[in-house]
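Notes to accompany the following structure.
The values are calculated or read from the model by the stated rules, or taken from the named source; none is laboratory data. Only a predicted model underlies this, so the values are computations on that prediction, with no experimental measurement involved. Glycine also receives a Cβ, built like all others from the backbone with ideal geometry; neighbour counts cover every protein chain displayed.
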Amino acid sequence: NAGVTQTPKFRILKIGQSMTLQCTQDMNHNYMYWYRQDPGMGLKLIYYSVGAGITDKGEVPNGYNVSRSTTEDFPLRLELAAPSQTSVYFCASSYSRMARQAAYEQYFGPGTRLTVT
Amino acid sequence: KNQVEQSPQSLIILEGKNCTLQCNYTVSPFSNLRWYKQDTGRGPVSLTIMTFSENTKSNGRYTATLDADTKQSSLHITASQLSDSASYICVVSESTGGFKTIFGAGTRLFVKA
C-alpha cells in the first residue's frame with residue numbers, strides 16, 4: 001500500500017491564481033480530511049468527508065472547496081489564492097468511526113508546501 | 001475554549017538520555033488523546049492512542065500516560081536515538097459525535113550525539 005499520497009510536493013502561486021491539491025488513499029478508508037499547518041501552530045481542519053459524495057466544513061474552510069467523487073480521491077481546490085493561504089497542507093484518512101479505537105488512527109500524507117506571493 | 005497546550009516548545013537532549021514531553025488540555029467532553037511524531041518535511045505518524053479508560057499506552061521506547069481527571073498527558077521517550085529528533089504533537093478529540101479535534105502546536109525535540 002502506498003498509503004496517502006499528495007501532489008504536488010511544492011507549489012508557488014501568484015495572488016488570484018487557482019489550483020487543486022490532489023490527495024489519494026489506497027486503504028479503502030471512508031473518512032478523509034484536509035488540514036493546514038502554519039509555523040508554530042497546531043494543524044487546523046479545513047474540510048472533511050465521511051464517504052464518497054459527502055463533505056463538510058471544518059474549522060477554517062473559507063477560500064477552499066472540496067469534492068469526493070470516489071472513495072480514494074479527495075482533492076482540495078483553492079480559488080483566488082491569497083497570501084494568507086501560504087501554508088503546508090496535509091491530507092489524511094481514517095477508518096469509519098464505527099470501528100471505535102481504530103477510527104481514531106489517522107494516516108497522513110507527506111504534505112504540500114504552498115507559497116502565495 | 002477548547003485548547004491543547006504542549007511544553008516545552010523545544011528540547012535538546014543527548015543521545016541515550018530519557019525525556020518527557022507534556023500536554024495539558026481543556027477539551028470537553030473528552031473522547032481520546034493521541035500522540036503523533038512528525039519528522040521534518042513529513043506528515044504526522046501516530047504513536048499512541050488513549051481513550052478515557054486508559055491511563056498508559058506504550059509503543060516501543062515511547063510511553064504515553066493520561067490523567068483524565070487533571071486533563072494532562074505525558075510522552076516519555078526512553079534511551080533516545082538520533083532518529084527521535086522530530087516534532088511531537090498531542091491531539092485531543094471531543095466526544096460530541098462531530099469531528100472536533102484540537103491539535104497542539106508540538107514540542108520540537110533535538111537529539112544530539
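Data for the structure
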{"read-out": "Residue ID - surrounded by the most Cβ atoms within 10 Å (Cβ to Cβ), chosen from residues in segment A:1-36 that are of a type in the set (A, V, I, L, M, F, W, C) and closer than 22 Å to A:V116 by Cα", "value": "A:W34"}
{"read-out": "Residue under evaluation B:S53, criteria (1) farther than 22 Å from A:S93 by Cα; (2) in contact (Cβ under 8 Å) with a residue 12 or more places away in the chain, criterion not met", "value": "(2)"}
{"read-out": "Boolean, A:S87 is more than 10 Å from every other protein chain (Cβ to nearest Cβ) and within 25 Å of B:V4 (Cα to Cα)", "value": "yes"}
{"read-out": "Among residues of segment B:13-48, those that are more than 14 Å from every other protein chain (Cβ to nearest Cβ) and modelled with pLDDT under 95, counted", "value": "2"}
{"read-out": "Test: residue in segment B:80-92 that is of a type in the set (D, E, K, R) and within 14 Å of chain A (Cβ to nearest Cβ)", "value": "no"}
{"read-out": "Residue that is nearest to A:S94 (Cα to Cα) [pool: residues in segment A:10-59 that are more than 12 Å from the chain's Cα centre (by Cα) and of a type in the set (V, I, T)]", "value": "A:V50"}
{"read-out": "A:D56 vs. criteria acidic (D, E) and more than 14 Å from chain B (Cβ to nearest Cβ)", "value": "no"}
{"read-out": "Matching residues in segment B:71-113 - criterion: being of a type in the set (S, T, N, Q) and at pLDDT below 95", "value": "B:S93, B:S95, B:T96, B:T101"}
{"read-out": "Output for segment B:1-13, where each listed residue is in a loop (DSSP other than H, G, I, E, B) and closer than 19 Å to B:T63 by Cα", "value": "B:P8"}
